[in-house]
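To keep things clear, I will list the structure first and then write my remarks on it.
All of the numbers you see were taken from the coordinates with simple rules; none came from a lab. Because the structure is a prediction, the values reported are computed rather than measured.
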Amino acid sequence: MLVLLFSVVLICFAVSLLPVLLPGTLLALLGLPLNGWLGGLLGTTLGLGQGSLVVGAAGQATLTLQGVLVVYIPLLVVLFLLVRAR
């Protein structure tokens, strides 16, 4: 179960990097909804990182590269350690 969760988070991490690394391409459109949802969660609900982790683009919050890394890297590290501990 942990391996499956780790795989899903890893895929979401890769998809979230697409709009940051390949802006303006068709592939970037895959990650925009995910970054928009996470950016809205961090920016409005939690009120964290306005300007550095989350920026407002076209009236909608989205994650920056720092925001993607701050969200996913700790989660991936914890899941990786839990998978290895089993």
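The Cα center of segment 40-61 and the Cα center of segment 66-80 differ in position by 18 Å.
Hey, what D do you get for the chain in µm²/s if you plug the Kirkwood alpha-carbon radius into Stokes-Einstein at 10 °C and 1.306 mPa s?
119 µm²/s
In the chain, helices alone account for a calculated mean residue ellipticity at 222 nm of -21500 deg cm²/dmol, with every DSSP H run of four or more residues adding -39,500 (n - 2.57).
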